[in-house]
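Enquirer: Pasting in a structure now, in structure tokens, and then I'll have a few things to ask.
Read the figures in this text as sums done on the coordinates, not as results from a lab. Computed from a predicted model, the values in this text were never measured in an experiment. Cβ coordinates were reconstructed from backbone atoms using ideal geometry, including for glycine residues, and neighbour counts include every protein chain displayed.
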Amino acid sequence: MPVVSDWRRTVRLGRYLGHDRRRLLLTLLLLVPVALAGALQPLLVGQAISVLLGEASLPWLQDLPAAAAIRLLVSCLLVTIVVRMGLQGVQTFNIQAVGQRLTARIRDELFRHSLSLSLRFHDGMPVGKLLTRLTSDVDALAEVFASGAVGVLGDLVSLLVIAASMLFFEWRLGLLLLLTQVPVTLVVLWLQGRYRKANYRVREELSQLNADFQENLQGLEVVQMFRREAVNGSRFARTGSAYRSAVNGTIFFDSSISAFLEWVAFCAVALVIALGGWMVTGAAMGLGTLTTFILYAQRLFDPLRQLAERFTQIQGGLTAVERIGELLEQPLEIVESRDAVPLGSNGSGEVVFENVSFSYRPDEPILSDLSFRIAPGEHVALVGPTGSGKTTVIRLLCRLYEPQRGRILLDGLDIRQLPIADLRRQLGVVLQDTFLFSGNVADNLRLNADISDRTLATICRDLGLESLLARLPNGLLTELRERGGNLSSGERQLLAVARVAIRDPAVLVMDEATAFMDPATEASLQRDLDRLLQKRTAVVIAHRLATVEASDRILVLRQGRLIEQGTHLELRARGGLYAQLAELQEKGLARL
């Protein structure tokens, strides 16, 4: 079954070679002349010895004087060496070029596929492990393709040519040498299976090593503040020890196969010398022919010896194929319907949840039979205790997850029937944790929007970003560090609001968008937000009473269910959960 799976995945990856068919075909065609040139060299050396000793030689040498025959043989040997080296150089260049193109295409598809996978997949896949597949595993595949795959084919062609040559000149010794290949091949296949399992463990441990390393770097501030260096260092050392142990397993099998093949090769040569020497003394064979067979015996084991040298690369490549295939075979949970209906650019912004139920894990429901309607242009606040499902509502609306039951409508259309690009173009989302890419401020505001520099500057002025841009060294062209590390949290939040405003969405979704701003900045931005919210549907998750009070309607969630809804005054008068939370917040004891 593993062999079938490897073959299926290898064939699937082989489609990436379609763009390099001609270069690959040329490389494969060169295998035959390279093998013939290599097979002729032992024959020419053996014929030279036969000519010197006056033994029977090839017909085209028999009528020549010894000196002329030797000169001819040396010239032919030189030609075979030059031809073989030249063709091997062309092969190596071509296969390296094809290998790099192959891995570039695979890495590109892996990247795009990873970005298309739902958040549910990424929730269970550490970033370090995913990066290992995108980098280390793809590099291993490139290495085995560049130096292993064609090399193995070349070794097989050489083996066939050498075997045919030996059987042609002396079938008895040739058959004896070929029979020694059977047990050697069986042992190699057995070690291959053992090495494969050990190599897969190496890849898994390397993934965990990268995951631990990235986690500690991302959480460096917490590590240092809580003095976790020693504890985390000890955990990392255990992961490193497991990786070292796994690598030692592969080294054992790699060295075992190399030593075994060397031992068998020496035994085969000794057997040829013993039997061939007996045949030479019995005048059944010439010394030149015996020399030819000794060289052929060494050449016969070269393919297996080179296979042993490529053993680590080949098995690493097969493991990489398996792990890359596992990632590419991950199904896309969020897919666009074939009969998707374009929403158009003039959506009204009506949002409807109909009996929506959702859980991240089967045993922990987050939303249970949730239903509500937000009218076009209505501003609604979501309120509830931690874990009540507020953020999940936003994720489902943006179709980052799919509900297990029920449906979500935007302007009367099920969002699963909308093109994903249309859906997310109609939604403007400002999250509490703002993510900025490395690059300049203008690129982070534009993202994928086609906006001129003049229009962008005008929008920033209308949003009141002039004071922020004035503080930056180069204004909109200021380069940002990773995740906007050279900006404060409030400044990052201002840019997040601005890049949403640029897109003019029909529905604005805000998850505590002003949480990290100082009162002065928040008051300034609030005026711009009021203008941004005009004639737009707004879904706001807020923990501040002032923000909630300004909403047209408040939806109160608890354990994934809608238990109350109404205006601020209506809910306070009702004396339910909202009234309790509002009262506690006024006393500074709770957040909404």
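Enquirer: Give me the net charge for the shell around D369: Cβ to Cβ below 13 angstrom, other residues only, Lys and Arg +1, Asp and Glu -1. Numbers along the way, then the final one.
Expert: Details: positive: R405, R407, R561; negative: E354.
Result for the neighbourhood of D369: +2.
Enquirer: Turning to a different aspect of this structure: With no solvent and one equal point scatterer placed on each C-alpha of the range 351-586, evaluate the Debye formula and give log10 I(q)/I(0) for q = 0.13, 0.15, 0.17, 0.18 Å⁻¹, two decimals.
Expert: Result of the Debye calculation: -0.83, -1.07, -1.29, -1.38.
Enquirer: Under the rule of -39500 (n - 2.57) per DSSP H run of 4 or more residues, summed and divided by the residues of the chain, what mean residue ellipticity at 222 nm is obtained, to the nearest 500 deg cm²/dmol? All intermediate terms of the calculation are to be shown ahead of the outcome.
Expert: On the way: 25 runs with 373 residues, N = 592.
It lands at -20500 deg cm²/dmol.
Enquirer: Given the C-alpha centroids of the range 225-267 and the range 379-404, what is the distance between them in whole angstrom?
Expert: Distance between centres, Cα-based: 46 Å.
Enquirer: Using packing as a proxy for protection, rank 61-73, 125-137 so that the peptide with the highest average count of other Cβ atoms within 10 Å comes first. Intermediate values should be presented prior to the final figure.
Expert: Working: 61-73: 14.1, 125-137: 17.9.
So the order, starting with the most tightly packed, is 125-137, 61-73.
Enquirer: With labels modelled as points extended 7 Å from the Cα through the Cβ direction, what inter-label distance (nm, one decimal) is found for C76 paired with R558?
Expert: Going by the 7 Å Cα→Cβ label model, 9.8 nm.
Enquirer: Let me ask you something else. Report the relative contact order of the chain, percent, no decimals, based on alpha-carbon pairs under 8 angstrom and at least 6 residues apart. Each step should come with its number before you reach the end.
Expert: Details: 780 pairs, mean separation 84.3, N = 592.
Reported relative contact order: 14 percent.
Enquirer: Given a Förster distance of 51 Å, report the FRET efficiency between V247 and L167 from their Cβ-Cβ distance, rounded to the nearest 0.05. If you can, show how the numbers build up before the last one.
Expert: Numbers: r = 42 Å, r/R0 = 0.83.
Once rounded, the FRET efficiency stands at 0.75.
Enquirer: Another question, then. Just for the chain, what percent of DSSP beta bridges are antiparallel, to the closest 5? Walk me through the numbers before you get to the answer.
Expert: Working: 21 of 38 bridges.
The antiparallel fraction comes to roughly 55 percent.
Enquirer: Counting chymotrypsin sites (Phe, Trp or Tyr not before Pro) as exposed when in a DSSP loop with at most 11 other beta carbons within 10 Å, what is the longest stretch of the chain free of them? Show your work: numbers first, answer last.
Expert: Working: sites that count: F226, F435.
Maximal segment without exposed cleavage sites: 1-225.
Enquirer: Which of the aspartates and glutamates could be linked to K197 by a straight reach, that is with a Cα gap under 20 Å, when you skip same-chain ones fewer than 8 residues away?
Expert: Within the straight-line limit of under 20 Å, K197 reaches these aspartates and glutamates: D6, D137, D139, E143, E205, D254, E309, E322, E326.
Enquirer: Sum up the charges of everything whose Cβ sits under 14 Å from the Cβ of L40, counting Lys and Arg as +1 and Asp and Glu as -1, but leave L40 out.
Expert: Details: positive: R84, R299; negative: none.
Summing Lys/Arg as +1 and Asp/Glu as -1 gives +2.
Enquirer: What whole-number value in cubic angstrom gives the convex hull volume per residue for the C-alpha atoms of the chain? Let's see the in-between values first.
Expert: Values: hull volume 128.6 nm³, N = 592.
Convex hull volume per residue, Cα atoms: 217 Å³.
Enquirer: Only bridges with both residues in the range 351-586 count here: give the DSSP antiparallel percent, nearest 5. Don't jump to the answer; show the numbers that get you there.
Expert: Numbers: 21 of 38 bridges.
The answer is about 55 percent antiparallel.
Enquirer: If all Cα-Cα distances of the range 176-251 are sorted into 10 Å bins from 0 onward, what percent lands in each bin, rounded to whole numbers?
Expert: 17, 30, 21, 15, 9, 5, 2, 0
Enquirer: Oh, and also: Treating the angle as unsigned and between 0 and 90°, give the value, to the nearest 10°, between the Cα long axis of helix 577-586 and the longest Cα principal axis of the chain.
Expert: 80
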